[in-house]
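The values are calculated or read from the model by the stated rules, or taken from the named source; none is laboratory data. Here the structure is a predicted model, which means the values were calculated and not measured. We place every Cβ from the backbone using ideal geometry, glycine too, and count neighbours over all the protein chains shown. Protein only, heavy atoms only, side chains kept; ligands, DNA and RNA dropped before computing areas. Shrake-Rupley method; radii C 1.70, N 1.55, O 1.52, S 1.80 Å.
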Amino acid sequence: MFKLTSLNLNGIRSATSKGLEAWATQVKPDCICVQEVKAQADDVKGRFEQLAGLRGYFHFAEKKGYSGVGLYSRFEPSDVIVGYGSSEFDAEGRYVELRFDTPSSKHSIISAYFPSGSSGEDRQLAKYRFLDEFFPHLHGLKATRDFILCGDVNIAHQEIDLKNWKGNRKNSGFLPEERAWMTRLLNEAGLVDVYRQLHPSTTDEAYTWWSNRGQAYAKNVGWRLDYHLATPGLASGARSAAIYKGEKFSDHAPLTI
């Protein structure tokens with residue numbers, strides 16, 4: 001079976017200092033999609049080009065210490081796509097796609113990091129611009145190839161996807177417009193939320209992110225922000241999902257399917 005992990009690192013240097021590589025070596029994923037690398041090419045060179053025996057491919061943000069995504073793979077891709085063609089958001093390092101094409105099939109794995117709107121109105125508006133751009137990109141990609149997008153989507157789709165849903169109805173990450181975008185992605189674009197396919201009603205055990213404020217992690221006051229979104233053919237092959245909480249590599253937990 002093919003094993004695929006996604007994790008927001010909240011800094012690659014920080015996460016690896018907390019035991020990420022030892023854990024990944026033990027779990028042996030075939031690919032690891034990482035987000036919020038918070039590093040530049042010079043920081044990665046000679047240190048993080050490989051992780052647990054997997055080779056890394058990256059999309060770095062132009063701004064130092066900000067955003068950035070990566071994809072570590074056991075297999076050599078036929079092509080690497082950095083950025084999705086956005087004049088605004090490609091500078092923020094939010095998209096890397098590995099393509100594995102043969103004469104008879106076209107498959108991609110994507111690591112993506114959606115903007116957060118929690119820091120203020122300007123960033124929330126930027127988040128909406130990203131969603132408006134990204135929907136047609138994914139819809140168009142699905143027409144040409146099968147893919148699995150892994151990443152920190154920064155949206156809790158349903159009420160069962162966060163602990164305090166009533167108190168967060170006016171907060172970024174659970175706004176009606178964001179949730180409607182996710183519904184449209186699943187219904188109109190036809191992508192599959194793979195974790196929910198396997199666990200349609202799980203609540204407290206589904207969370208992948210906890211605020212650093214108060215005792216959110218200790219009390220499991222969490223959100224499900226990390227997803228595997230797949231085209232139906234690939235989604236149908238999913239057999240099991242695991243969210244690892246035995247160690248804390250960042251404010252997110254790894255999701256492996």
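Quick notes on this structure:
- Fraction of the pair-distance distribution of the stretch 169-239 above 22 Å, Cα-Cα pairs, percent: 31
- Per-residue [θ]222 nm for the chain (sum of -39500 (n - 2.57) over DSSP H runs n ≥ 4, rounded to 500): -6500 deg cm²/dmol
- Residue-level accessible surface for Glu88, protein heavy atoms, 1.4 Å, Å²: 60
- Taking every protein chain into account, the 1.4 Å probe leaves Glu121 with about 140 Å² of accessible area, to the nearest ten.
- One compactness figure for the stretch 11-123 is 1.10, namely its Cα radius of gyration divided by 2.2 N^0.38 Å.
- Sequence of Arg213, Arg47 from largest to smallest accessible area, 1.4 Å probe: Arg213, Arg47
- Mean separation of Cα contacts under 8 Å (6+ apart) over length of the chain, as relative contact order %: 19
- Fraction of antiparallel bridges per DSSP, the chain only, in percent to nearest 5: 75
- Two-site label geometry, Asn168 and Lys28: point separation in nm, points 7 Å out along Cα→Cβ: 3.5
- Its residue count N sets the reference 2.2 N^0.38 Å, and the alpha-carbon radius of gyration of the chain equals 0.93 times that reference.
- In the complete set of protein chains, residue-level accessible area for Tyr217 is approximately 80 Å², probe 1.4 angstrom.
- Look at the dipole of the stretch 50-101 built from charges on Cβ: of Val82, Ser67, Leu98, the Cα furthest out on the positive end belongs to Ser67.
- Residue among Ser116, Ala230, Ala216 farthest towards the positive dipole end of the stretch 80-230, charges placed on Cβ: Ala216
- Taking a straight Cα-Cα cut-off under 28 Å and skipping sequence neighbours fewer than 8 places away in the same chain, the lysines within cross-link reach of Lys166 are Lys127, Lys219, Lys245, Lys248.
- Averaging the sequence gap over all C-alpha pairs within less than 8 Å and six or more residues apart, then dividing by the number of residues, gives the stretch 74-148 a relative contact order of 25 percent.
- Quarter of Cα convex hull surface for the stretch 119-257, i.e. mean projection, nm²: 8.6
- Farthest toward positive dipole pole in the chain [+1 Lys/Arg, -1 Asp/Glu at C-beta], among Phe174, Val44, Leu191: Phe174
- Computed over the stretch 22-141: relative contact order in percent, which uses C-alpha pairs under 8 Å that are six or more apart: 21
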